[in-house]
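Working notes for the structure below.
The values are calculated or read from the model by the stated rules, or taken from the named source; none is laboratory data. Keep in mind it's a predicted model, so treat the numbers as computed, not measured. Methodologically, a virtual Cβ is constructed for each residue, glycine included, from the backbone with ideal geometry; neighbour enumeration extends over all protein chains shown. For accessibility, only protein heavy atoms count, side chains too; no ligands or nucleic acids. Shrake-Rupley method; radii C 1.70, N 1.55, O 1.52, S 1.80 Å.
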Amino acid sequence: AALLAAFQARVDAEEKIEPNDWMPEAYRKTLVRQISQHAHSEIVGMLPEGNWISRAPTLKRKAALLAKVQDEGGHGLYLYSAAETLGVSREELTEQLLSGKAKYSSIFNYPTLTWADIGAIGWLVDGAAIMNQIPLCRCSFGPYSRAMIRVCKEESFHQRQGYELLLEMCRSSEEQKEMVQDALNRWWWPSLMMFGPSDTDSKHSAQSMAWKIKRFTNDELRQKFVDATVPQAHYLGLTLPDPDLKFNEETGHWEYGEIDWEEFSRVVAGNGPCNRERLDARRKAWDEGAWVREASLAYAEKRRNRREAARIAAE
Amino acid sequence: AALLAAFQARVDAEEKIEPNDWMPEAYRKTLVRQISQHAHSEIVGMLPEGNWISRAPTLKRKAALLAKVQDEGGHGLYLYSAAETLGVSREELTEQLLSGKAKYSSIFNYPTLTWADIGAIGWLVDGAAIMNQIPLCRCSFGPYSRAMIRVCKEESFHQRQGYELLLEMCRSSEEQKEMVQDALNRWWWPSLMMFGPSDTDSKHSAQSMAWKIKRFTNDELRQKFVDATVPQAHYLGLTLPDPDLKFNEETGHWEYGEIDWEEFSRVVAGNGPCNRERLDARRKAWDEGAWVREASLAYAEKRRNRREAARIAAE
Amino acid sequence: MTTTDQTADLFAYTLRLADDAAILGQRLGEWCGHAPTLEEDIGLANVALDHIGQARALYTYAGEVEGEGRDEDQLCFLRHERQFNNCLLVEQPNGDFAQTILRQFFFSAFMLPLWRELKGSKDATLAAIAAKAEKEAAYHVRHSAEWTIRLGDGTTESHERAQAAVDQLWPYTGELFEIDGVVERLVAAGIAVDPASLRDEWHATLREVLDEATLRLPPDGWFQTGGRSGRHSESFGHLLSQMQYMQRAWPGHKW
Amino acid sequence: MTTTDQTADLFAYTLRLADDAAILGQRLGEWCGHAPTLEEDIGLANVALDHIGQARALYTYAGEVEGEGRDEDQLCFLRHERQFNNCLLVEQPNGDFAQTILRQFFFSAFMLPLWRELKGSKDATLAAIAAKAEKEAAYHVRHSAEWTIRLGDGTTESHERAQAAVDQLWPYTGELFEIDGVVERLVAAGIAVDPASLRDEWHATLREVLDEATLRLPPDGWFQTGGRSGRHSESFGHLLSQMQYMQRAWPGHKW
C-alpha cells in the first residue's frame, strides 16, 4: 500500500514510470493490453492499405503509400518493444493476435474499395489515431510515452498526405470528387467509433485517467476530432454523412448524430466485412514464414557453435 | 511370323485393327507413345489459352475461348481412353507427363503474350494440328482413328474461329493489326516445327507409314500447311516472317526458308520459354487436387460397402 | 408508378442478375486447366460457360431497357467497381475446390427456384432467359450437390475442408434474400420474384444435401451485406482489374 | 552517328533501366504485410521503395530525352506489355521468400557494379542517378546476401528452397549481360556501361556468397531471353493489369 501510494504520487507529479520501477499489477496489465492492441492495430492496419500498393495510380503515390505502410510496420515494432519492457514477448503477443484472443482497432475490418479510401484512411483514420495518441505522448509510462512521440510525428505526416491526396482528387474532376465523397460516407462513422464507447459505457476510463495513461475521455477526444475534421471536409467541398450534424454557436462545437453502437459491437465481436480476411492474411503470412524464421534461428545457432568451437580451438 | 504377316495384310487392306486383335508389340508401343503424347498436348495446351480466359476482351470471345479450352480437355479424355484400350492406364500416363518422362507438343512451351496470340493459336497451331490429324482419321488403329474424326471436326471449328478473330482485329485498327503481325512473327516458325524433324532426320517415319499410322511424311504435311496458310496470311494483309518465302510457279508450292532446328531441339529438351511453368502448373493442379480425388474414391467405396451391407441385410 | 421508374427498376434488377452471372462465370473460368481432375476441368468450364451465356443475355437486355446504347460488353467491361451490384457470394475467391463447390451449391440452390418462378414473369424477355437458365441451374445444383456429398462424406480431410467452406461462405448467403424498393416494386408488378418466397425451398435443398454430406449447417447469425449497393470485398477490385484489362487498355477497339 | 540516333539509344537504354527498377519495385511491393517477419515487411518495403525511386528518376529522364512530353507516369502506366523492356529476371513472380531473396541477390549483385561504373558516364543525369542508386544497391546486395546465407546454411528445408530458387532463377541471369546495338553504341560514346565488363565481379560475388551459403551455382547452360525486346513471361501481363489498372480505368485524371 505504501508502494502504491508512492507510485500514485509519482504519477501525480507527472514523473515517468520506467520498466524496472515498481508498478501495480493492474497498471502493468492495462498497459500491456493497450500497447499490444495498439501494436496489433498497426500490423493489421498494413493490410487494407497494402491492398492498393500494387494499384496506386502514380509512382509518386505508390512510393508514398509504400513508405506509409512501412512506417506502420515500424510503429508496430516500437510498440511491441515497449510492451516487451513490461515482460511480455512478441511471440506471445503475436500468438494472441493470430488466435483471435487479442483485439486490434476495428476500423481495419472495413475494406478499401477505391483509391479514395487510401486518402480517407490517412485523413480520417490517422487523424483519429493522432487525437488519441497526442495525449499518450504524456502517458505516465516512459517507454510508451516515448514511442508515442515518434509515432505521432509520423502519423501527422500521413494525415496531411492523405488529406492532400483527397484535395488533389476533388480538384481534378467531378467523378473523382464523387469517389472521395463515397469514401467519406463509408469511413466517417467507423472513424468516430475509433474513440471507443461513449463515456457512460466505457469500462476502463476512470482508472486509466487516474494513472495518467489516459488524459481525456473517449467522448472528449471524439468531439475534438469532429471539431477538427468537419471544417476540413467542408474545405474539400464534401458533405458529412450525418443529417444531424450542426454547429453549436454557443459551445463552439460541432454536434453530431447518434453513433450506431450495434454496428460497433458487431464488428468488434468479429462480424465486420473483413475480420476473417484480416486474420487469415496474418495467419497465412505467419505460417508461410515459419520456415524462414526457423532457418534464421538455426543459422544463428550454427554460427554461435562455430564461434565457440573456434574459441576453444584457439585456447 | 504368320501373325505378323496376317496383321500387315489387314493393315494393307485398310482394315481397322481393334484393341482385342493381335498386334505387334512395337505397333502397340508406337501407338501408346503417339496417342499419349497427343493427349498430353491437349492437356498442356489448355494452359497457354487458359491464361487469357480471365482477360478476354468481350463476353462472346470469353465464351468461345472457354468452350475451346473445354473441347481440348474433351480431346484429352477421348485420347486417354483410346490409349487405355492398349492397356495403359490414365494414372500411368499422367505420372509420365508430370515426371517429365512423356513429351507433349513443344509449341505449348511458348507463352501467350497478347490477345492476338489466342487467334494465332487457333489459326496456326490448330491449323497445323489438323494437317497432322486428318490423315490420322484413316489410321489403322480403330479407336485412334475414331477419336481423330471427332477431334478433327472440333479443331477445324477452332481454326476458323481463330482466323475470324484475327480478321476482326486486322479490320478494326492499325494497332490491332500490328498486334496480329507480332503474333504471327512469334508463332509462325514454332508452328512449322510442329510437324517434327525433316524427313531426312525423322526416326519413326518409315515403320509408321508401313503400319498406316502415318500417311504422309513430316515434310509433306509441313508443305501442305504452308501452302494452305500463306494465302490466308496474305488475305489478312500480313507478312510472313520468312525472307526466303516464295511461290514456285512450276511446283505450285510455297518454298520456305531454313527452320531453326537448334531451337526446336532446345525447346524439346526442356529449355523453351515456358517448359518449367507448364509442368509446374500441371503438377500443382495434380498435387492440390489429390485430396479431392481421394475423397471421391473414399466416398465411392463407402457407397459400395453400404449397398453391399443393405443387400446382405435384405437377404 | 411512372414508366420511367419501372424502366429504372427493371434495368437495376436485370443488371444485378447479369452481374451475378458474369462474376461467377469469371471466377469459375479461373479454374480452367487447374482443376483436380480432367473431368472437372471440363465440368467447371461448362458451368462457367452457362453463366457467361446468361450474363450475355441479361446484359444485352439491360442495355435495351436502359436505352442508352450500351451493349453487353460496355456494361460488363466499362463500369467501375462501385457500380457492380452482384451479391458478395459470387465474387468470393475460388479458394480450394470445396469452396468453389459450396459457393456454387449455395448460389445455384437459390437460382434454380428463382429462374423457375421468373419463367412466369410478365416481362417476356426475362421469362425467356429464365426458361433457358432454369435447365442450366438444375445441372449446376446436381453437379455441386453431388460433389458436396462426395467431399462431405469422403475422407476426414475432405470433410473438414467442406465444413470450413460451409462455415466461411454461410455469412454471404443472407444477401440472396435481401429485398429493396427495386425488387418490391417489380414483385408487385409481376415482373420480379420475391426472394423470401424461395427461402423454404432453398433451406430444404441445403438441409437435404448437407445432411447426406454429414455437414453441419451453421446457425442463422449475422449476414454480410453490401454487394447490391456496390460495396464489395477487397478481392473484387483485383478481379475487375483482370477482367476489364483489355477493354481498359484498348479503349474503343473491336475484338 | 547522328544526334537523333544517340537520342533514341539513350531513350531506349534509360527506359530499360527504368523498367527494371519499376517492375522489381512492383513485385516487391506485393509482399507488404505478408512477409515472414515484421522486420522483413519493413525491409522488403524499403528495397521496393528504393526501386520505385530509381524508376521515377529514370522514367522522368527518359521522358526528357524522348522530348515528346511523356512523364514518369505515362511511361510506366500507359505502355503495353510488348513495349516494356525490363529483363525477365525482375518480373519473375515472388514465389516463396527464398525466390524473392535470390532474385534480388542475382539482380543487385549485377546492379551494384553497374551503377558504380555508370557514375562515370558522360551523361551527367545518368551519372547522378547512378551515384544515388549505387548506395541503395550496396544495401540490397548486403540484405539479400545475408538472407541467402541464412537460408542456404539454415535448416534442411530452407537449404532446399534456396537451392531450388537458385536453380529456377539462374536461366534468367544471362540476359543481364546481353549487348545489342543500343548498348554497344552508347558504350562507345562513353555513356553506357559494358555489361561484359561486370561479369567477373558478378560471378565472384555470387561464388563467395553461395559458397558461404553452401549452395551450388548451376553450370552455365542455356539462358532465357526476350525481355529487352518485350517478349515477357505470361505472368507479366497479369502484373501490368494490376499496376496499370487506375490509369487505364480513369484515363486523363490527376491523382
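Looking at (1) at pLDDT 95 or above; (2) surrounded by fewer than 12 Cβ atoms within 10 Å (Cβ to Cβ); (3) not acidic (D, E), which is the one condition that is false for A:R311?
The failed condition is (1).
Would you be able to say whether some residue in the range C:58-79 is within 7 Å of another protein chain (Cβ to nearest Cβ) and polar (S, T, N, Q)?
No, the range C:58-79 contains no residue that is within 7 Å of another protein chain (Cβ to nearest Cβ) and polar (S, T, N, Q).
Does A:Y299 satisfy being touching a helix residue (DSSP H, G or I) at 6+ places or on another chain (Cβ under 6 Å), open to solvent by less than 40 Å² (accessible area, probe 1.4 Å) and not β-branched (V, I, T)? Talk me through it step by step, then tell me what you get.
Numbers: touching a helix residue (DSSP H, G or I) at 6+ places or on another chain (Cβ under 6 Å): yes; open to solvent by less than 40 Å² (accessible area, probe 1.4 Å): yes; not β-branched (V, I, T): yes.
Answer is yes for this residue.
Considering each of A:M46, A:M131 in turn, give the residue that is in a helix (DSSP H, G or I), out of contact with any strand residue (DSSP E or B) (no Cβ under 6 Å at 6 or more places or on another chain) and open to solvent by 20 Å² or more (accessible area, probe 1.4 Å). It would help to see each step written out before you state the result.
Values: A:M46 fails: open to solvent by 20 Å² or more (accessible area, probe 1.4 Å).
Just a single option satisfies the conditions, and that option is A:M131.
Residue by residue, here is whether (1) closer than 21 Å to D:G230 by Cα; (2) in contact with a helix residue (DSSP H, G or I) (Cβ under 8 Å, 6 or more places away or on another chain); (3) among the charged types (D, E, K, R); (4) in contact (Cβ under 8 Å) with a residue 60 or more places away in the chain holds:
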| residue | (1), (2), (3), (4) |
| --- | --- |
| B:S172 | no, no, no, no |
| B:R186 | yes, yes, yes, yes |
| B:W189 | yes, yes, no, yes |
| B:L192 | no, yes, no, yes |
| B:F195 | no, yes, no, yes |
| B:S198 | no, yes, no, yes |
| B:K203 | no, no, yes, no |
| B:A210 | no, yes, no, yes |
| B:I213 | no, yes, no, yes |
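Any idea which of (1) more than 14 Å from chain A (Cβ to nearest Cβ); (2) of a type in the set (D, E); (3) closer than 16 Å to D:S241 by Cβ is the one D:E91 doesn't satisfy?
All conditions are met except number (1).
Of a type in the set (K, R), within 14 Å of chain C (Cβ to nearest Cβ), open to solvent by 50 Å² or more (accessible area, probe 1.4 Å) and under 23 Å from B:A102 (Cβ atoms): which single residue out of B:R304, B:R283 fits that description? Can you show your working first?
Working: B:R304 fails: under 23 Å from B:A102 (Cβ atoms).
That would be B:R283, the only listed residue that is of a type in the set (K, R), within 14 Å of chain C (Cβ to nearest Cβ), open to solvent by 50 Å² or more (accessible area, probe 1.4 Å) and under 23 Å from B:A102 (Cβ atoms).
Considering the range A:83-107 alone, what residues qualify as being farther than 24 Å from A:E220 by Cβ and touching a Gly at 6+ places or on another chain (Cβ under 9 Å)? Quick ask: steps written out before the conclusion?
Let us first name the residues in the range A:83-107 that are farther than 24 Å from A:E220 by Cβ, namely A:83-102.
Of everything in the range A:83-107, those that are farther than 24 Å from A:E220 by Cβ and touching a Gly at 6+ places or on another chain (Cβ under 9 Å) turn out to be A:T85, A:G100.
Residues checked against (1) surrounded by fewer than 19 Cβ atoms within 10 Å (Cβ to Cβ); (2) within 14 Å of chain B (Cβ to nearest Cβ); (3) within 21 Å of the chain's Cα centre (by Cα):
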position	(1), (2), (3)
C:Y172	no, no, yes
C:G181	yes, no, yes
C:A196	yes, no, yes
C:W202	no, no, yes
C:A213	no, yes, no
C:L217	yes, no, yes
C:S241	no, yes, yes
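So which pairs qualify, if the first residue must be in the range D:60-73 and in contact (Cβ under 8 Å) with a residue 40 or more places away in the chain and at negative phi, the second must be loosely packed, with under 15 Cβ neighbours inside 10 Å and hydroxyl-bearing (S, T, Y), the Cβ gap must be under 9 Å, and the two must be at least 6 apart or on different chains?
As it stands, the answer is D:V65/D:T7; D:E66/D:T7, since those pairs meet every condition given.
Being surrounded by fewer than 20 Cβ atoms within 10 Å (Cβ to Cβ), outside any helix (DSSP H, G or I) and facing another protein chain (nearest Cβ under 7 Å), is that true of even one residue in the range C:33-55?
The answer is yes; a qualifying residue exists.
Taking the conditions exactly as written (open to solvent by 20 Å² or more (accessible area, probe 1.4 Å) and under 14 Å from the mean Cα position of the chain (by Cα)), does A:S198 satisfy them or not? Before the answer, list the steps.
Working: open to solvent by 20 Å² or more (accessible area, probe 1.4 Å): yes; under 14 Å from the mean Cα position of the chain (by Cα): no.
No: the conditions fail for A:S198.
Return the pair list, or none, for Cβ contacts closer than 6 Å from residues in the range A:277-300 that are free of Cβ contacts under 8 Å to residues at least 40 places away in the same chain and on the phi < 0 side of the Ramachandran plot to residues that are in a helix (DSSP H, G or I) and of a type in the set (S, T, Y), at least 6 apart or on different chains.
These pairs meet every condition: A:W291/D:S158; A:A295/D:S158.
Which of the residues spanning the range C:145-170 are under 20 Å from the mean Cα position of the chain (by Cα), surrounded by fewer than 21 Cβ atoms within 10 Å (Cβ to Cβ) and either touching a residue at least 40 places away in the same chain (Cβ under 8 Å) or not in a helix (DSSP H, G or I) (or both)?
Correct list: C:D167, C:Q168, C:W170.
Among the residues of the range D:222-237, which ones are open to solvent by 50 Å² or more (accessible area, probe 1.4 Å) and either free of Cβ contacts under 8 Å to residues at least 40 places away in the same chain or of a type in the set (G, A, S) (or both)?
If the condition is that a residue be open to solvent by 50 Å² or more (accessible area, probe 1.4 Å) and either free of Cβ contacts under 8 Å to residues at least 40 places away in the same chain or of a type in the set (G, A, S) (or both), then D:S229 is the only one that fits.
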